[in-house]
Each structure stands twice: as C-alpha cells, then as structure tokens.
1. What's the number of the condition THR109 fails, among (1) surrounded by 14 or more Cβ atoms within 10 Å (Cβ to Cβ); (2) touching a residue at least 60 places away in the same chain (Cβ under 8 Å); (3) closer than 30 Å to LYS10 by Cβ?
2. If you scan segment 112-125, which residues turn out to be surrounded by 14 or more Cβ atoms within 10 Å (Cβ to Cβ) and farther than 13 Å from TYR30 by Cα?
3. Here's a check for you: in segment 140-184, which residue that is at pLDDT 90 or above and of a type in the set (Lys, Arg) is surrounded by the fewest Cβ atoms within 10 Å (Cβ to Cβ)?
4. Please enumerate the residues belonging to segment 38-68 that are surrounded by fewer than 14 Cβ atoms within 10 Å (Cβ to Cβ), assigned to a strand (DSSP E or B) and either of a type in the set (Ser, Thr, Tyr) or out of contact with any helix residue (DSSP H, G or I) (no Cβ under 7 Å at 6 or more places or on another chain) (or both).
5. Give segment 17-34 a look and list any residue that's of a type in the set (Ser, Thr, Tyr) and under 21 Å from THR57 (Cβ atoms), or say none.
6. Those residues that are under 18 Å from the mean Cα position of the chain (by Cα) and closer than 11 Å to HIS77 by Cα, I need them from segment 4-29; list them, please.
7. Any idea which residue in segment 1-25 is farthest from ILE48 (Cα to Cα), counting only those that are β-branched (Val, Ile, Thr) and in a helix (DSSP H, G or I)?
8. Please give the number of the condition LEU75 fails out of (1) within 18 Å of PHE187 (Cβ to Cβ); (2) under 14 Å from the mean Cα position of the chain (by Cα); (3) in a strand (DSSP E or B); (4) not acidic (Asp, Glu).
Amino acid sequence: MRITRDTLIKAAKTAVQQRTLRDRHIVCVYLTGSLIDDLPLLGGTADIDLVFVHDNTPPAPREIIRLTPDVHLDLAHHDQSIYNQPRDLRLDPWVGSFLIKDPLVLYSTQHWFEYTQATVFANFYKPDTILLRAQPFADQARQIWLDFQLGFDEPGPERIWKYLHALELSSNALVLLDGTPLTERRFLLQFPERMSKLGYPGMAAVLKDMILA
C-alpha cells in the first residue's frame, strides 16, 4: 500500500479511537511532528507522532508501536498536571513549542486543548521568553565543551557521542530563536532552511564542517 499523508492520518485517528474507547483517563490527543509539516516520509519510512494527555500518571512516558515495516506510532504520554503551569510550558522547548505549533487535535474533552493552548500562547513569542527557552540548550552545550577542555573524558565512542550531542544542543539553541527545536531524525535536513530563515545560511556549512572534523 502506498504511504501518503492521508493514510497516515487515518492510521492515527484509528489508533486514537481505539485507545480512547479503552482508557477513560485520556483527556486529549494531538498529532504533531512531520505530519504537521506535510513531510511524512523520510527514506520511505514514517513516524506518526501522537501526544496523549492523561488525567492520571501514565504507566510509561513513551511507546513505539510498529504498524508496518515502514510505519511506526511514536506515542508520548503526559500527565495532565504538567499543563497546569502555563509559564513553565512557555519555557519548555519541547512540550510548549509543539503545543503552540498548531498540532492536529484528534481527541479533546471539554475544550481542554483550546483552553490550554490559549493560556500558553500568551507571551510565548516575547523576545525574553524565546531566549529563556533557548538558554538551557546553550548552557548544556557550553558545559560539555568545558568538560572537553578540562580533559574529563577519555578518547573513545562516548566522547564522540558527547561531541555530537554538544553540536545538537548548540544548534537547537539557534533554531529555537525561530520556532520549534529539531529532532534527530530530520535535523540535518531541516537545519539549513531554519538558519536561512534566521538570516545565517552559512551556519549550515559550519555545522557540517564540525561534524566531519
């Protein structure tokens, strides 16, 4: 069967319908990720990213479910309580950013999503709020570089992973100045476009050189 955006959204709706019939603790489900950007496929494969909000503590924070060899459900499970503090969500680069980025709501009780999104949206794009969202990424990357300079890590695979993680963190600190953070799966594909939107197209080449260094 040919994989299209429509077939993936249909699969998402089916999964949500099945879950909400079985679990009365679900208050909202929204679709986010590459399907929202209308870029569902990568190398012929696709992930369907769904966020389930529960009125209790979910048994696991994340599930990966294989639908076909090429399509997987990537389910995030959130306790509703994390949405009770709009200010904290405005500073959350992951939950807050993707909540605001017009996800597709597939299930919601008592207008829960509309109310929550509206309260988080207030002041979300103020310059000082944007900087506060990006700052933790920059701080973590800086700490890794400092550890390298002080020689805390022995050369080896773990040091290489930390180096790449520092590049990811510092790059996302820039990306957050103009939208949502980038996930690993599409990082190198989308980073050049995001830097061009910021007015720094040369940063994509800098990142590539640092990865290959």
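1. Here THR109 clears every test but (1).
2. THR119, VAL120, PHE121, PHE124
3. Residue satisfying both the conditions and the ranking: ARG142.
4. ARG62, ILE64, ILE65, ARG66, THR68
5. Passing the criteria: THR20, TYR30.
6. Matches in segment 4-29: CYS28, VAL29.
7. The selected residue is THR20.
8. (1)
The values are calculated or read from the model by the stated rules, or taken from the named source; none is laboratory data. Worth saying up front: this structure is predicted, and the values here are computed from it rather than measured. A quick note on method: Cβ atoms are made from the backbone with ideal geometry, for glycine too, and the neighbour counts reach across all protein chains shown.
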